[in-house]
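A quick write-up on the structure given underneath.
The values are calculated or read from the model by the stated rules, or taken from the named source; none is laboratory data. The model shown is predicted, which means the values in this text are computed figures rather than measured ones. Cβ sites come from the backbone with ideal geometry, for glycine too, and all protein chains shown count toward neighbours.
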Amino acid sequence: MRAERGRTARAVRRSERKKEVFAERGQACAGKANARQSGSSPAAVFWREVGETAAYALLGLAAGLGIGAVVGVFGRGVEFFSSFGAAHFSLYVWFLPLAGLLTVFMLRKWGKRGIGMAAAFRASRGEEKNFPLRNAVFQFAGTWSAHLFCASVGREGAAMQTGAAIGGGIGRTIRLHGADTILIVAGMAAGFSALFGTPVCALFFALEVTVVGGIRLRALTASAFASFAAYSASRLCGLAGEAFSVAVPQFALASLPALAAVGAACGLAGLVFCVLRKASGRFFRFAVKNPYVRVAAAGILLACLLYLTQGRYAGLGTNLVHAAFTGEKVYAFDWIVKILFTAVTLSVGFMGGEVTTFFAAGACLGASLGGMLGLDPAFAAALGYAAVFGAATNTLFAPVFLCVEVFGGAILPQAAVVCIVAYLFNFGHSVYNQRVREDIVWHVVRRIGVQRKELPLRGKLGAFPVLP
């Protein structure tokens, strides 16, 4: 029976893929027919395409400069409020429930729908009519208040959504086919690039999490120009990018087992975050129906736990990253505790992001594993810094380029090995609701005859596979 269901599911997937291919061919044929009917020659069509691509390059450049300036101000604000909150931690952490109540009220009063990364992804695929500009205001207010009162959240979600809102707003005023969706993607790349100072990583990250399987030249062009323009604009605003100095050993085949072990551990850590993020959201929605009671009760609990841990897991987690790279004390459980704090904080209604938590958790996990595997702890922390990010977001190229841009080109071979293994060991899961998820390991496992089983954790994140 299970085998029959599996064959039926595969047949349905093959049928859907064939329909998509036929639809794409039909659209291409229709486009050629329209060109013939309108009297346009192939040369005219070619130059029109070139002109539109050049227009998208200019639009990406303009959008990137504007987004870079806005995100530069946002990033400086996050730095200020995080530092101010940390300096008065023992007092300000107790106002965390109030910040949560105000955030939920703001979103329920004026946000309605179309808020969050999932909404930005739907808008980038044309499934939502637009991604309104007011989202940028919500992101500023919600994220700044969360960091002021020491919440364990990141910041990239706000930056990318701000970029998407500005890019989409520009796109809706341009009379080019697909401008609204293409500039949303470009805006997300610009927001990430401006915040972290990694334009190449931002370019691939935005494309991988939005248009996987269908990267278009126009989206690539607009995103590339927007990413580099935003990087330059944010630097002019005084926002410093991420950069660390780590001693990178020469690549050797003998180190492959240790690198693979780090990659596998980081892939599983990313999977753990995805499962915890979804499970905690379901649990709190089921346990406490009223959103105000939910965020207030969880805020009180989080404030108590943050106070008991003396703020070690509060804020962005830059203290943990610094500890991992400078040889300070890093506990073996730091990575999972930081993940738990962030998963719960975001699930109950606070705003922010997850990526900086991935950086902190990955650096702590890598530093803990480095000594056991014969690797320099700081070097292993650098690999984990990028690999957990890639595993949790189900991206492959973005974490590799992140490693190169943050730690230098010498780390490229080791980073590629670790990030590829981490990508395989996240089993196709992502903290984002991506359009395409590839569970490569289980494609291979099924081919060698091992029957796949699934736990009852289904939904947007798929199922968690286990061996018999």
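Details
- The residue that is nearest to Leu96 (Cα to Cα), among those in segment 264-322 that are surrounded by 16 or more Cβ atoms within 10 Å (Cβ to Cβ) and in contact with a Pro (Cβ under 6 Å, 6 or more places away or on another chain), is Gly299.
- Within segment 301-315, restricting attention to residues that are within 12 Å of Phe149 (Cα to Cα) and outside any helix (DSSP H, G or I), the residue that is farthest from the chain's Cα centre (by Cα) is Gly311.
- Only one entry in Val78, Val93, Val71 is over 25 Å from the mean Cα position of the chain (by Cα), crowded, with 17+ Cβ neighbours inside 10 Å and assigned to a helix (DSSP H, G or I), namely Val93.
- Only listed residue being on the phi < 0 side of the Ramachandran plot and either assigned by TED's automatic domain parsing to the domain that holds Ala398 or not in a helix (DSSP H, G or I) (or both), chosen from Ile184, Ile166, Ile170, Ile115: Ile115
- Given (1) modelled with pLDDT of 95 or more; (2) within 30 Å of Ala219 (Cα to Cα); (3) not small (Gly, Ala, Ser), number of the condition Phe95 does not satisfy: (2)
- Of all residues in segment 243-300 being in a helix (DSSP H, G or I) and among the hydroxyl-bearing types (Ser, Thr, Tyr), the one that is nearest to the chain's Cα centre (by Cα): Ser280
- Filtered residues of segment 418-428 (kept if outside any helix (DSSP H, G or I) and closer than 10 Å to Leu268 by Cα): Phe425, Asn426, Phe427
- Yes/no for Ala159 being within 16 Å of Arg76 (Cα to Cα), hydrophobic (A, V, I, L, M, F, W, C) and more than 19 Å from the chain's Cα centre (by Cα): no
- Cβ-Cβ contacts under 8 Å between residues 6 or more apart (or on different chains), taken from a first residue in segment 46-70 that is over 20 Å from Ala206 (Cα atoms) to a second residue that is part of a helix (DSSP H, G or I), are listed as Glu52/Arg218.
- Scanning segment 118-136 for residues that are surrounded by fewer than 18 Cβ atoms within 10 Å (Cβ to Cβ), outside any helix (DSSP H, G or I), in contact (Cβ under 8 Å) with a residue 12 or more places away in the chain and at negative phi gives Arg125, Asn130, Leu133.
- Hey, Ala343 buried (at least 21 other Cβ atoms within 10 Å of the Cβ), modelled with pLDDT of 90 or more and over 30 Å from Tyr292 (Cα atoms) or not: no
Let's see how each residue does on (1) at positive phi; (2) modelled with pLDDT of 95 or more:
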| position | (1), (2) |
| --- | --- |
| Cys266 | no, yes |
| Val275 | no, no |
| Gly281 | no, no |
| Lys289 | no, no |
| Gly315 | yes, no |
| Asn319 | no, no |
| Phe325 | no, no |
| Glu328 | no, no |
| Ala332 | no, no |
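- For the residues Gly197, Gly111, Gly154, Gly169, the requirement of being free of Cβ contacts under 8 Å to residues at least 40 places away in the same chain and touching a Leu at 6+ places or on another chain (Cβ under 8 Å) singles out Gly169.
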